[in-house]
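Participant: My questions will all concern the structure given below.
The values are calculated or read from the model by the stated rules, or taken from the named source; none is laboratory data. Please read all numbers here as calculations on a predicted model, not as lab measurements. Cβ placement follows ideal geometry from the backbone for every residue including glycine, while neighbour counts extend to all protein chains displayed. Just so you know, the surface numbers come from the protein's heavy atoms only, side chains and all, with ligands and any DNA or RNA stripped out. Shrake-Rupley method; radii C 1.70, N 1.55, O 1.52, S 1.80 Å.
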Amino acid sequence: MRRRYVCPARVVSNAKLLPADFLYSPLMIAAGSRFGPYEIVAPIGAGGMGEVYRAHDPRIGRDVAIKLLPGLRTADPERMRRFEQEARTAGMLSHPNLLTIFELGSEEGVPYIVSELLEGTTLRALLSEPVPKGGSPIPLRKAIDFAIQIANGLGAAHEKGIIHRDLKPENIFVTGDDRVKLLDFGLAKVLRPEEASDLGDAPTRHRDTEPGMVLGTVGYMAPEQVRGEPTDHRSDLFSFGVVLYEIFGGQRAFHRGSNVETMNAILHDDPRPLLDGNVPPAIERVILRLVDKNPAQRFQSARDVAFAIEMLSGSSDKAAGTTRRKPKARTERAAAQPRYQRLTFRRGFVMSARFASDGAILYGAAWEDKPLELFSCRRASPESQSLRLPEADVLSISSGGEIAISLGRRYRAGWATSGTLARVSVAGTAPREIAEHIQDADWTPDGKGLAIIRSERDVFAVEYPIGTRIFQSAKWLSHVRVSPKGDRLAMLEHPVWGDDRAALVVVDLQGNRLLTTDSWKSTGGIAWSPKGDEVWVAGESERTGRDLHAVSASGKKRIALGSPGRLTLHDIAADGRVLLSYENGRREIMAGRIGEPLERNLSWFDWSFPSDVSADGTSILFEEQGHSVATELLCLRRTDGSPAISLIEGRGRALSADAKWVVALTGSPPHLELVPTGTGQPRPIRCEGLESWLWWYWRPDGKALFILATLAGCGQQLFELELEGDGIPRAVTPEGVGWPAAISPNGKHVAVASPEREITIYAVDGGESRPVQGCSPGDKPLAWSPDRRYLYICGVGRTAVAIDRVEIETGERTLWHEIRPADPAGVMDIFPVFITPDGQTYVYGYRRFLSDLYVVEGLF
């Protein structure tokens, strides 16, 4: 159908926003018309920055929103610049609380932005609903949830070096299921990449303002914006405080009779007291700190604000709504409020932390692009001191002050670590190495012995004392802790190697299981309570944050500290102090071409895990595993940045050579299926006897799979499974091989990594194996060249990884490409890595965690 233009008056009744300049140059596309590949469904609204329509994308069957900048508006350079900046700035971001931009383009000279379609209303509309005088139209609990979501979205933008500069209720959208989305980055300021990590007063990438120019909305601008001074992320935090004041108090913080009077109030007046008596004083203190006139006195990051609100409001169900009310009787005692003290203030992640007997706190952290290092700090001072033990992490501190550390601690895969156990005396002598391949260790209460978890050839064992194996499992074990009386050991048992999904296991000193709980979706540390009557676990249930759970000897659970975010539990002191870190984590996917300087971010939501890349480099297979989805979702996305296509719920690891089929592990009980990437229906694959599925690959002829898994009671092996066979897998390698594997172009050989050995090539028909010369332990095979002459391999690295090409016959090794994320802060490891057989397209994933360490009192 040809596009038909209609008079604006014919659709005014359907529009939500029609300011005066709407009549400036209206386009108004009729329903049923096409705009490029999109089918226009209905107008949504219009404003000074364009017209918005609901549209349908028939290519993938999805409804979207299209924002147009029509007619004479394109002749206005400032409007055009803001329109393009809104798309490009928002396109740099991927977060559940930020609007997702799919496409920026032009059709017949009309620029447009395609974004996700939101169903709901603006925060301004919610705040405009009638309420009794002195109250807020938004219930307290919902207001707290909105505040946390806004802070998380703002924090995600700030971490990318993007400052919004026009945060207000009109630019905050609330969906029908109460999800918050930040909109309109048309005035955003983008810092240069090298300065974005500091988020200070940095020059912009594009000089879009001059000194003295005021940008923003009167009533929500920070004092420095009103004065036309340079702005940074703390200006957004002031605006955020003004928005929170309105959410919680039902009135505008600085609103006066005219714009001039309002700006004068921002510069000189304090906000009026909040009138809603049910607002907890702690929340009011957060708001007042945000709207401080001096940027240095405000919160210094949006993540800190989110954490403060979560902790102050989420620790007790009674905290909201009763904080200011007096007890009904003198015998009624108010619930204790946890008290928090932040200890770390740098960008990066904390790996492990422990209380010391002398009052110090020791922790291992990797700040910015620096390697893991051991630090000491005290609560009286925010300054941390390096212990001059690089590549070291703390495992445990004895009652006498002796420190058990892990030297060279590294991630083997996922969350599984390995290092050399060493002891350091309080006198500061050089470390004495005592055991290798150690995951975790903990001192006995008397400080004379250690319980350890050692991993060798994918068998995980608890030794107590060192050298005496009392418990072992084919499943990955972590976080061993000795009870205060020294009579029991607690640990986490993980069903999949490297995954942080786990159950709590408690054993006696003979290794007999006393308790095994159900699994948490994600775990982050355990510790015994001071009395030894509970084990506390940082665990995440379905669609919740990672809370602190207290588990009794009988297995009864209670939530000791709730959080919609992600907590990691490091230690509990004898006096009840809790040492934890609050983390903001993402898994991201990057794709690039050899010789091209720019990479493309192909992440979707908060936890995108790459699984494969097509042979021609045009598509990637990935799993979305985070909070944004109810369960793992297998997706396909083109490397040109086109929108992702959801295929099936489950895990997927293998994309066929023609990219038409995917092998997924799905259903309950889990089973393999052939899933089409286009039309067609999934087909089950018969497979018997395998457990702990890790990875799988196509044989090049498409008639069989290679599966990395375990048989009951055995270590990890690579198996071959004929798709049209009897469903019985056949072992190709011995036990103990690791991930990844690379299949030769003719399907007759596999190159397999091993955690402690060099890359080995195995003959699929059972012939002799041989190591690949020129490789080192820890190297991983990525792909064979089409002529089978070379292997592409990569080494181990946290913030940089080299892809090398090794000639199989000679072992000659040549650097092919180095992977190095532009922003290394918080990057824990680069994993996994893929490269196409021609060696031209590469894809990699990485985890980024930004941790802040806290001491919490008042939980016991």
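Participant: Any chance you could check the Cα centroid distance between region 806-836 and region 476-494 for me, in angstrom?
Facilitator: One Cα centre to the other: 36 Å.
Participant: Expressed in nm to one decimal, what extension gain is obtained for the pair residue 541 and residue 56 from 0.36 nm per residue of sequence separation less their Cα-Cα distance? It would help to have the intermediate numbers written out before the result.
Facilitator: On the way: separation 485, 0.36 × 485 = 174.60 nm, distance 3.54 nm.
Difference between extended and current length: 171.1 nm.
Participant: Still on this model: Can you work out the PRE-style zone for residue 376? Point 7 Å along Cα to Cβ, and I want the residues of region 343-370 with backbone N under 15 Å.
Facilitator: Backbone N within reach: 354-364.
Participant: Filter 67/142; 142/181; 160/521; 448/485; 521/557 down to the pairs with a C-alpha to C-alpha distance above 18 Å, please.
Facilitator: Details: 67/142 30 Å; 142/181 15 Å; 160/521 28 Å; 448/485 14 Å; 521/557 15 Å.
Distance filter (> 18 Å) returns 67/142; 160/521.
Participant: Which three semi-axes in whole Å describe the equivalent ellipsoid of region 580-726, each the square root of 5 times a Cα gyration tensor eigenvalue, listed largest first?
Facilitator: Details: eigenvalues 138, 80, 46 Å².
For region 580-726, the ellipsoid semi-axes come out as 26, 20, 15 Å.
Participant: Okay, moving on. What's the local net charge at residue 640, with K and R +1, D and E -1, over the other residues with C-beta under 14 Å away?
Facilitator: Numbers: positive: 59, 593, 600, 637, 638; negative: 103, 596, 599, 616.
With Lys, Arg at +1 and Asp, Glu at -1, the net is +1.
Participant: Using a Förster radius of 35 Å, what is the FRET efficiency between residue 388 and residue 300 based on their Cβ-Cβ separation? Nearest 0.05, please.
Facilitator: Details: r = 28 Å, r/R0 = 0.81.
My answer for the efficiency is 0.80.
Participant: Roughly to the nearest percent, how much of the accessible area of region 419-499 is carbon and sulfur, given a 1.4 Å probe? Show your work: numbers first, answer last.
Facilitator: Details: 1550 of 3290 Å².
Carbon and sulfur together cover 47 percent of it.
Participant: Now, a different point. With the crude spin-label approximation of a point 7 Å out along Cα→Cβ, what separation in nm comes out for residue 433 versus residue 838?
Facilitator: 4.6 nm
Participant: For region 731-803, with every protein chain kept in place, what is the accessible area per residue (1.4 Å probe, Å²)?
Facilitator: Numbers: 2770 Å² over 73 residues.
Per-residue value: 38 Å².
Participant: Taking the Cα-to-Cβ direction at residue 814 and at residue 640 and moving 7 Å from each Cα, how far apart do the two end points lie in nm?
Facilitator: 3.1 nm
Participant: Leaving ligands, DNA and RNA out of it, report the carbon-plus-sulfur percent of the accessible area of region 581-636 at a 1.4 Å probe. Mind dumping the intermediate values first?
Facilitator: Values: 960 of 1860 Å².
Here carbon and sulfur together make up 52 percent of the probe-accessible area.
Participant: Short version: ³J(HN,Hα) in whole Hz for each residue of region 299-311, in order, from phi by Karplus 6.51 cos²θ - 1.76 cosθ + 1.60 (θ = phi - 60°), x for Gly and Pro, what are they?
Facilitator: 4, 9, 7, 5, 5, 5, 5, 4, 5, 4, 5, 4, 6
Participant: Still on this structure, I have one more. Could you give the length gained by full extension between residue 229 and residue 631, i.e. 0.36 nm per residue of separation minus their alpha carbon distance, to one decimal place?
Facilitator: Working: separation 402, 0.36 × 402 = 144.72 nm, distance 4.67 nm.
Additional length available on full extension: 140.1 nm.
Participant: Take the alpha-carbon positions of region 351-478, form their convex hull, and give its projected area averaged over all directions (one quarter of the hull surface) in nm². List each step's numbers first, then the result.
Facilitator: Values: hull surface 32.7 nm².
It is 8.2 nm².
Participant: What net charge is computed for the residues neighbouring residue 127, neighbours being all others with C-beta under 11 Å from the C-beta of residue 127, Lys and Arg scored +1, Asp and Glu -1? Walk me through the numbers on the way to the answer.
Facilitator: Working: positive: 124, 168, 252; negative: 129, 170, 246.
Cβ neighbours under 11 Å give a net charge of 0.
Participant: Given an 8 Å cut-off on Cα distances and at least 6 residues of separation, report the relative contact order of region 661-734 as a percent. Don't jump to the answer; show the numbers that get you there.
Facilitator: Details: 138 pairs, mean separation 15.0, N = 74.
Relative CO of region 661-734 lands at 20 percent.
Participant: Per residue of region 662-670, what does 6.51 cos²θ - 1.76 cosθ + 1.60 with θ = phi - 60° give for ³J(HN,Hα)? Whole Hz please, x for Gly and Pro, Karplus curve as stated.
Facilitator: 10, 9, 10, 9, 8, x, 9, x, x
Participant: Going by amide H atoms built from the backbone, whose H comes under 5 Å of the H on residue 417, apart from near neighbours?
Facilitator: Under 5 Å from the amide H of residue 417: 412.
Participant: Once amide H atoms are built 1.01 Å from N in the peptide plane, which residues 5 or more positions from residue 757, or in another chain, come under 5 Å H to H?
Facilitator: 778
Participant: A follow-up question, please. Evaluate the relative contact order of region 775-860 (contact order divided by residue number), counting alpha-carbon pairs under 8 angstrom at least 6 apart; express in whole percent. Walk me through the intermediate numbers first.
Facilitator: Details: 152 pairs, mean separation 19.2, N = 86.
It comes to 22 percent, rounded to a whole number.
Participant: Taking the alpha-carbon centroid of each part, what is the distance from region 705-725 to region 403-458 in angstrom?
Facilitator: Taking the Cα centre of region 403-458 as reference, the centre of region 705-725 is 33 Å away.
Participant: A further question follows. For residue 389, what residues show an amide H to amide H distance below 5 Å, using hydrogens built from the backbone and excluding near sequence neighbours?
Facilitator: Here the answer is 374, since their amide H atoms fall under 5 Å of that of residue 389.
Participant: Given a Förster radius of 22 Å and the C-beta distance between residue 649 and residue 681 as r, what FRET efficiency does 1/(1 + (r/R0)^6) yield to the nearest 0.05?
Facilitator: Numbers: r = 15 Å, r/R0 = 0.69.
After rounding, the FRET efficiency stands at 0.90.
Participant: In percent, how large is the relative contact order of region 401-469, given Cα pairs closer than 8 Å and 6 or more residues apart?
Facilitator: On the way: 134 pairs, mean separation 14.6, N = 69.
Contact order relative to length: 21 percent.
Participant: Also, I was wondering about something else. Using the Cβ atoms and a cut-off under 9 Å, what net charge is assigned to the surroundings of residue 405, where Lys and Arg are +1 and Asp and Glu are -1?
Facilitator: Details: positive: 409, 423; negative: 393.
Summing Lys and Arg as +1 and Asp and Glu as -1 gives +1.
Participant: Fully extended, how many nm does the chain gain between residue 657 and residue 728 (0.36 nm per residue separation, minus their Cα-Cα distance)? Present the calculation step by step, with values, prior to reporting the outcome.
Facilitator: Working: separation 71, 0.36 × 71 = 25.56 nm, distance 2.38 nm.
Roughly 23.2 nm would be gained on extension.
Participant: Ok, one more. Each residue of region 676-693 in order: what ³J(HN,Hα) in whole Hz does its phi give by Karplus 6.51 cos²θ - 1.76 cosθ + 1.60, θ = phi - 60°, with x for Gly and Pro?
Facilitator: x, 8, x, 6, x, 10, x, 10, x, 10, 7, 8, 10, x, 8, 10, 6, 4
Participant: In whole angstrom, note down how far apart the Cα centers of region 744-766 and region 236-298 are.
Facilitator: Value for the Cα centre distance between the two parts: 64 Å.
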